[in-house]
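The values are calculated or read from the model by the stated rules, or taken from the named source; none is laboratory data. This one's a predicted model, so the numbers in the text were calculated from it and none came from an experiment. Here the Cβ positions follow ideal geometry from the backbone for every residue, glycine too, while neighbour counts run over all protein chains shown.
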Amino acid sequence: MRTSEPKTIRLKDYREPPFLIDQVDLRVELFEDGARVHSRLDVRRNPSVQPESELHLDGEDLKLEEVTLNGEHLSASRYVVEDSQLTIRDMPDSAVVGVVTWIKPQENTRLEGLYKSSGMFCTQCEAEGFRRITYYLDRPDVMARFRTRIEADLKRYPILLANGNEVDRSPLEEGRHQVTWEDPFPKPAYLFALVGGDLVERHDSFETVSGRNVALRMYVEPRNQEKCDHALAALKRAMRWDEEVYGREYDLDVFMIVAVDDFNMGAMENKGLNIFNSSCVLASPETATDAIYDRIESIVAHEYFHNWSGNRVTCRDWFQLSLKEGFTVFRDSEYSADQGSRTVNRIDSVNMLRTAQFAEDSGPMAHPIRPAEYMEITNFYTVTIYEKGAEVVRMIHSLLGPELFRAGSDLYFERHDGQAVTTDDFVRAMEDASGRDLTQFRRWYDQAGTPELAIEDSYDAASQTYRLSISQSCPPTPGQPEKAPFHLPFELGLLGTDGQDLELQLEGSEPSGRSMVLDITEPRQEFVFTNITARPVPSLLRGFTAPVRLRYPWTRDQLMFLISHDSDGFNRWDASQRLATDVIEALAEGREAEVDARLVSACSALLKNDALDPALVAKMLSLPSLAYLIELTPSADVLKLHQAREQVLTSLARSLRDDLHEVYQRHPAPAAYRYTSEDMAARALRNMALAWLLSINDEQALKLARSQYGQANNMTDRLGALRAVVNSDFAEARQTLLDDFYQQWQADPQVVELWFAVQAASPQAGTLPHIKALMEHAAFDWKNPNKVRSVIGAFAGQNLVNFHAPDGSGYSFLAEQVIRLDPSNPQIAARLVSPLTRWKKFKPETADAMQRALREVMGQPKLSRDTYEIVSKGLS
Ligand code: 0A1
Ligand code: ZN
């Protein structure tokens, strides 16, 4: 057991900083055995708070070499160095504080602060990494101008980068050189970045709406030069989109992107110098799948959009994280929707929200999008802060409509440019610009949990009225037993017997079109629609206008009707998922023995439907994931759900075998790879057909898979074939293709990660002994988060049948790996352990075994604050 509990930080304890920093001058000397950081801070007392005589600067794992005040050495009696802070006594009203520290980037396995990754120096300062570089007021409401001079060996590190614009460079003695950067925009330290390495530079440029020319540069290791085109193209599209949709222009002369292999998260929005995990920015058709292309498109846009939503206007404190993350995810998802199919995009976001965020919201780590407390802030970069945060902004967009929302965002940026603000400031700008009262709506920011909407309806033929009643409730979450009602937009339509949307007219109101948005504010509300000549089929919560669970007693026939007729593409897909879920649950619970023929006929019709967007067809045909089915089921029995799902899959594949072969032939691969919605949809459908056919060990499909694997000119098709074979019973073919794949791609770390993940996530290939063997593989590397994620993360997060093996071996395996990783990279260890904290979702024996594994982790003497927080909350 850890001897002391980490401190809990609370929003209610927020105080303005007692000191402010106007200017930071850094001189960073990079060496082979460490780095010396000389820092000069222009510090002054904050006039708006009670004066304090001591200045406390944050610092971790630093070796302090010197402290000066206004250029004078400070005597030992004037300062105190402790574990995580440097205190300067008798601070004058203003002074230049000079600090020299020595750090060891080479030994930094946490990947926070300054570290080395494949021979290059780089930084990650969000959330509290800057204090691992030098002593500082490391909090987002302290905003300063930074000037950064980097010195290093010219041959090893010809490229030296920092935020802002380059202002000076010169050679130095002993083969060294210096480059100096100046960032004119005041920023919190979490946006600081520095890079030093032997990198190649890809140039491009962008002319902004006002005619300024911005140099775009991408820096990668030489072997990756051919993998930059997609990110650069996406960047230019995102820059234009932000001008057109939000009126936001870029503000520096240069915008830089750097790719690094070792990175804890996806990417980071450092001012003018975005740093990316290689897997989220590098792509070529041969090495990256369509899903990766999409991911890059959205992450490049996301980081770019932060330049306004995050950098120009930043967060006052870390409780406000969703201010920048929720808004920026909303912005990037709208951007992505504008690039391809809006419906398919929405389906992907909702799928992930309902699987991962709803699970988080019903577990021990449930927190509001503006949490009230935390132990370790890096644990709060969650699907709740990001994805639910984005849904909350989306609801404001739906309630206000696009014009007033834009007016609100204009006001927000104008009013708060250069400030560190709160989610409340954001909502207030929306209110002020629109005249709408969002008082009740604000509950979304401080109440956790997923609201449930129970819908009842009745039709009265005599009065030709249709009555809909909507009741809302929200289950308790840790520390919040009772919830007040939420304000949410609820879009709906009513389908007549011919499948057409009916004209909607609420009693006592004017007609309001064929789809309308209701304002839900009360625990229970009733709506009466008039002039309805026959009982309609309701299409509820169109486009998923609110992040809620919807309960309505749909019959399978109603769902079939929606699948074929709903004018809302999202709800068509949703109906297909509800139908499949209902069928799978009935089998798992033993209420039915055979797969309902209606599901087969719905799928058959979809396969033959060439009027619908093939991308939507592919989504509708995808069965709900096991993770989603678990999320829906109280006291889940993983094996039973998995078997029922497999039964549905194989029975569909058997009944539709000919149709699947036909679909496969109807969507042949074009001669050259194109990243277009049309081609991606064809690949999705083709690979889905292949996977279904291989699930029934279809010999002919194995031939198709082998030849697709051999001839593919892109990674989507190659990996699609490989995955289908790996997940089939063709053990020999599986091994042959896996070996061949590794042979061919072993020099490319991103592709090797795909190779690991395909095996680790496979119910067939990813049994525990095989996972252990993968961890012994030469390409596995404990220091590289992507490798850890692609093997251990994929096993515990995606390979649910094997992870939940009834003997509990998956759980103790995971506990062991978390214990092993925690001392070197606590951030990743804490993320890895989280599947074990979901024990309440499972049947009692499973839950017990999961808790035992958690207790094993908890028993470790030196657990990090990161892992301690997740595990201790997970056990409560
Ligand atoms: N702000 C980045 C993601 C990020 C978050 C935390 C990090 O370290 C704890 C690193 C990156 C984004 O939203 O893209
Ligand atoms: Zn972000």
If a residue counts only when it is among the β-branched types (Val, Ile, Thr) and in the same structural domain as PRO634 (by TED's automatic domain parsing), which helices (runs of 4 or more DSSP H) contained entirely in segment 794-876 have at least 2 such residues?
809-821, 826-833, 844-858, 865-875
From the options THR384, THR450, residue that is within 24 Å of the chain's Cα centre (by Cα), of a type outside the set (D, E, K, R), within 16 Å of ligand 1 (Cβ to nearest atom) and under 29 Å from ASN345 (Cβ atoms)
THR384
Looking at this structure, is ASP348 crowded, with 20+ Cβ neighbours inside 10 Å, under 30 Å from PHE842 (Cβ atoms), away from ligand 1 (no atom under 16 Å from the Cβ) and not hydrophobic (A, V, I, L, M, F, W, C)?
no
Hey, LEU639 hits all of (1) among the hydrophobic types (A, V, I, L, M, F, W, C); (2) surrounded by fewer than 17 Cβ atoms within 10 Å (Cβ to Cβ); (3) more than 27 Å from ALA588 (Cα to Cα) but one; which does it fall short on?
(3)
Can you tell me which residue among GLU592, GLU662 is at pLDDT 95 or above and either in contact with a Ser or Thr (Cβ under 7 Å, 6 or more places away or on another chain) or assigned to a loop (DSSP other than H, G, I, E, B) (or both)?
GLU592
Members of segment 538-553 found to be assigned by TED's automatic domain parsing to the domain that holds TYR445 and farther than 18 Å from ARG346 by Cα, listed by number
PRO538
Selection count, segment 260-272, where residues are within 15 Å of ligand 2 (Cβ to nearest atom) and over 23 Å from PHE330 (Cβ atoms):
2
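What is the residue count in segment 507-530 for residues that are more than 19 Å from HIS487 (Cα to Cα) and in contact with a strand residue (DSSP E or B) (Cβ under 6 Å, 6 or more places away or on another chain)? Talk me through it step by step, then tell me what you get.
Initially, segment 507-530 is screened for residues more than 19 Å from HIS487 (Cα to Cα), giving 507-515, 528-530.
Next, only the ones that are in contact with a strand residue (DSSP E or B) (Cβ under 6 Å, 6 or more places away or on another chain) stay: 507, 511, 514-515, 528-530.
Counting residues in segment 507-530 that are more than 19 Å from HIS487 (Cα to Cα) and in contact with a strand residue (DSSP E or B) (Cβ under 6 Å, 6 or more places away or on another chain) gives 7.
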Restrict the check to segment 455-474 and report whether at least one residue is over 19 Å from GLY401 (Cα atoms), touching a His at 6+ places or on another chain (Cβ under 8 Å) and assigned to a loop (DSSP other than H, G, I, E, B).
no
Going through (1) more than 23 Å from ASP361 (Cβ to Cβ); (2) more than 23 Å from the chain's Cα centre (by Cα); (3) buried (at least 21 other Cβ atoms within 10 Å of the Cβ) one by one, GLY808 fails only at (3)
Conditions: (1) under 19 Å from the mean Cα position of the chain (by Cα); (2) over 29 Å from GLN744 (Cβ atoms); (3) within 14 Å of ligand 1 (Cβ to nearest atom). LYS271 meets all but one. Number of the miss?
(1)
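Between GLY499, GLY493, which is modelled with pLDDT of 95 or more and part of a loop (DSSP other than H, G, I, E, B)?
Values: GLY493 fails: part of a loop (DSSP other than H, G, I, E, B).
It is GLY499.
Taking the stated definitions as given, is SER398 under 14 Å from PHE441 (Cα atoms) and polar (S, T, N, Q)? Spell out the reasoning first.
Working: under 14 Å from PHE441 (Cα atoms): yes; polar (S, T, N, Q): yes.
When the stated conditions are applied, SER398 passes them.
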Quick one: count up the residues across segment 364-376 that are over 26 Å from GLY543 (Cα atoms) and surrounded by 18 or more Cβ atoms within 10 Å (Cβ to Cβ).
6
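Of all residues being touching a residue at least 60 places away in the same chain (Cβ under 8 Å) and either part of a helix (DSSP H, G or I) or hydroxyl-bearing (Ser, Thr, Tyr) (or both) in segment 701-717, which is nearest to ALA288 (Cα to Cα)? Just the residue, please.
Step one: of segment 701-717, the residues touching a residue at least 60 places away in the same chain (Cβ under 8 Å) are 713-716.
Checking the rest, the ones that are also either part of a helix (DSSP H, G or I) or hydroxyl-bearing (Ser, Thr, Tyr) (or both) come to 715-716.
Working: MET715: 5, THR716: 7 Å.
Restricting to residues being touching a residue at least 60 places away in the same chain (Cβ under 8 Å) and either part of a helix (DSSP H, G or I) or hydroxyl-bearing (Ser, Thr, Tyr) (or both), the top hit is MET715.
Going residue by residue through segment 365-377, is there one that turns out to be assigned to a helix (DSSP H, G or I) and within 16 Å of ligand 2 (Cβ to nearest atom)? Show your work before the answer.
To start, the set of residues in segment 365-377 that are assigned to a helix (DSSP H, G or I) comprises 377.
Filter once more, so that each one left must be within 16 Å of ligand 2 (Cβ to nearest atom): 377.
Yes, segment 365-377 has at least one match.
Conditions tested, residue by residue: (1) in a helix (DSSP H, G or I); (2) away from ligand 1 (no atom under 15 Å from the Cβ).
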| position | (1), (2) |
| --- | --- |
| GLU303 | yes, no |
| ASN307 | no, no |
| ASN311 | no, no |
| LEU323 | yes, no |
| GLY326 | yes, no |
| SER333 | yes, no |
| VAL344 | yes, yes |
Residue hits (segment 665-681; surrounded by fewer than 21 Cβ atoms within 10 Å (Cβ to Cβ) and within 27 Å of GLN647 (Cα to Cα)) are GLN665, ARG666, HIS667
Restricted to segment 464-478, and to residues that are touching a residue at least 40 places away in the same chain (Cβ under 8 Å) and surrounded by fewer than 20 Cβ atoms within 10 Å (Cβ to Cβ), which residue is nearest to ARG551 (Cα to Cα)?
SER471
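When you check LEU154 against the structure, is it more than 27 Å from the chain's Cα centre (by Cα), away from ligand 1 (no atom under 16 Å from the Cβ) and touching a residue at least 60 places away in the same chain (Cβ under 8 Å), yes or no? Let's see the steps before the verdict.
On the way: more than 27 Å from the chain's Cα centre (by Cα): yes; away from ligand 1 (no atom under 16 Å from the Cβ): yes; touching a residue at least 60 places away in the same chain (Cβ under 8 Å): no.
Here the answer is no, as LEU154 does not meet what is asked.
Quick grid of which residues meet (1) farther than 17 Å from ILE257 by Cα; (2) of a type in the set (A, V, I, L, M); (3) touching a helix residue (DSSP H, G or I) at 6+ places or on another chain (Cβ under 6 Å); (4) within 16 Å of ligand 1 (Cβ to nearest atom):
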residue: GLY113; (1), (2), (3), (4): yes, no, yes, yes
residue: ILE133; (1), (2), (3), (4): yes, yes, no, yes
residue: TYR136; (1), (2), (3), (4): yes, no, yes, no
residue: ARG145; (1), (2), (3), (4): yes, no, no, no
residue: ASN163; (1), (2), (3), (4): no, no, no, yes
Picking from ASP13, ASP42, ASP58, ASP22, the residue that is buried (at least 18 other Cβ atoms within 10 Å of the Cβ) and assigned by TED's automatic domain parsing to the domain that holds ALA162 would be ASP58
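State yes or no: is SER812 small (Gly, Ala, Ser) and within 19 Å of GLY266 (Cα to Cα)? So that I can check it myself, show each step before the final result.
Values: small (Gly, Ala, Ser): yes; within 19 Å of GLY266 (Cα to Cα): no.
Criteria not met by SER812.
So which of ILE299, ILE292, ILE257, ILE275 is within 16 Å of ligand 2 (Cβ to nearest atom) and surrounded by fewer than 23 Cβ atoms within 10 Å (Cβ to Cβ)?
Values: ILE292 fails: within 16 Å of ligand 2 (Cβ to nearest atom); ILE257 fails: surrounded by fewer than 23 Cβ atoms within 10 Å (Cβ to Cβ); ILE275 fails: surrounded by fewer than 23 Cβ atoms within 10 Å (Cβ to Cβ).
None of the others qualify; the one that does is ILE299.
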Going through segment 29-82 one residue at a time, which ones are of a type in the set (A, V, I, L, M) and more than 24 Å from LEU160 (Cβ to Cβ)?
VAL43, VAL49, LEU55, LEU57, LEU64, VAL67, LEU69, LEU74, ALA76, VAL80, VAL81
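Here's the yes/no breakdown for (1) out of contact with any Lys or Arg (no Cβ under 9 Å at 6 or more places or on another chain); (2) under 29 Å from HIS230 (Cβ atoms); (3) not acidic (Asp, Glu):
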site: ALA611; (1), (2), (3): yes, no, yes
site: PRO614; (1), (2), (3): yes, yes, yes
site: LEU621; (1), (2), (3): yes, yes, yes
site: THR633; (1), (2), (3): no, no, yes
site: VAL648; (1), (2), (3): yes, no, yes
site: ARG654; (1), (2), (3): yes, no, yes
site: VAL663; (1), (2), (3): no, yes, yes
site: ALA671; (1), (2), (3): yes, yes, yes
site: TYR709; (1), (2), (3): no, yes, yes
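Can you name the strands (runs of 3 or more DSSP E) wholly within segment 190-253 that have at least 3 residues being in contact with a strand residue (DSSP E or B) (Cβ under 7 Å, 6 or more places away or on another chain), among the aliphatic types (A, V, I, L, M) and modelled with pLDDT of 95 or more? Can you show your working first?
Numbers: elements: 194-197, 200-207, 213-220.
Filter on segment 190-253 gives 213-220.
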Considering only residues that are in contact (Cβ under 8 Å) with a residue 40 or more places away in the chain, within 16 Å of ligand 1 (Cβ to nearest atom) and touching a strand residue (DSSP E or B) at 6+ places or on another chain (Cβ under 8 Å), look in segment 280-301 and name the one that is farthest from PHE327 (Cα to Cα).
VAL281
